Amino acid sequence: MGVGGAVRVIWLNGGVGSGKSAVGGALARLLPGSRFLDGDDLAGPRHLPNPVRWRMALDALLRAVARRGRFRWLVIAYPLEADGFRRLRAAQGTARRFLTIVNLDAPLAMTLRGRGGRTLSPAEKDRVRVMRSKGCHRRPFATATLRNAYPPVGRTARRILHLARSLPAG
């Protein structure tokens with residue numbers, strides 16, 4: 001387990017195409033005893049409406065935060081809104097989890113062009129614009145906001161790791 005038997009949770013927040021999954025995977029590889037969860041992998045079946053699928057993903061991630069596990073670090077990549085943050089705080093407190101939330105703020109033009117070989121569909125580009133207009137890339141409840149423009153994924157992951165380790169556990 002983590003410090004004093006507790007698990008540290010690093011939640012990567014940001015819009016579609018901001019680098020959450022790539023950075024999260026790199027971060028988990030830097031952390032012995034970690035588990036990486038990409039919320040996109042936990043969304044419900046594609047035949048369901050997106051809001052239902054997104055709720056299912058968030059519910060699964062919050063269950064993972066609350067569940068006991070044999071890992072010291074839990075790295076999560078998924079957009080987080082105010083209601084989800086309130087639910088996360090409740091799960092964190094009952095499960096003795098120390099939380100670091102990092103906004104990944106990628107420039108809009110760069111995100112719309114596609115990153116890391118990912119080409120966004122027109123619907124995803126529309127979603128990027130909506131998420132950006134709602135401030136998904138700069139949630140005020142986050143521990144930190146990092147510009148995620150040009151640094152290699154590994155460098156961003158190391159910056160987040162340094163931040164998380166420098167925070168008091170609790």
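Quote the relative contact order of the stretch 3-166 in percent (integer), defining contacts as alpha-carbon pairs under 8 Å separated by 6+ residues. List each step's numbers first, then the result.
Numbers: 266 pairs, mean separation 57.6, N = 164.
Relative contact order, the stretch 3-166: 35 percent.
Quick check on packing: order 81-89, 155-163 by the mean number of other C-beta atoms within 10 Å, highest mean leading.
In decreasing order of mean packing, 81-89, 155-163 become 155-163, 81-89.
Could you tell me how many degrees, from 0 to 90 and to the nearest 10, lie between the Cα long axis of helix 50-66 and the main elongation axis, the longest principal axis, of the Cα atoms of the chain?
That works out to roughly 20 degrees.
Compute the helix-to-body angle for 153-166: its Cα long axis versus the longest principal axis of the chain, expressed 0 to 90° and rounded to tens.
40
In degrees between 0 and 90, to the nearest 10, how far off the longest principal axis of the chain does helix 122-133 point, with axes built from Cα atoms?
Its long axis makes an angle of about 60 degrees.
Can you list the residues, at least 5 places off or on another chain, whose amide H is less than 5 Å from the amide H of residue 36, using H built in the peptide plane?
Amide H neighbours of residue 36, under 5 Å, 5+ apart: 75.
Compute the signed sum of charges (Lys and Arg +1, Asp and Glu -1) over the other residues within less than 15 Å, Cβ to Cβ, of residue 122.
Here the charged neighbours net out to +3.
Put a dot 7 Å past each Cα toward the Cβ at residue 130 and residue 110; how far apart are the dots in nm?
The answer from the label model is 2.5 nm.
Suppose R0 equals 30 Å; then what is the FRET efficiency for residue 68 and residue 30 from their Cβ-Cβ distance, rounded to the nearest 0.05?
0.80
Figure the gain on full extension for residue 59 and residue 166 (residue separation times 0.36 nm, minus the Cα-Cα span) and round it to one decimal in nm.
35.6 nm
Only the coordinates and a few stated rules stand behind these numbers; no lab work does. Keep in mind it's a predicted model, so treat the numbers as computed, not measured. Every residue, glycine as well, gets a Cβ built from its backbone with ideal geometry; the counts of neighbours run over all protein chains shown.
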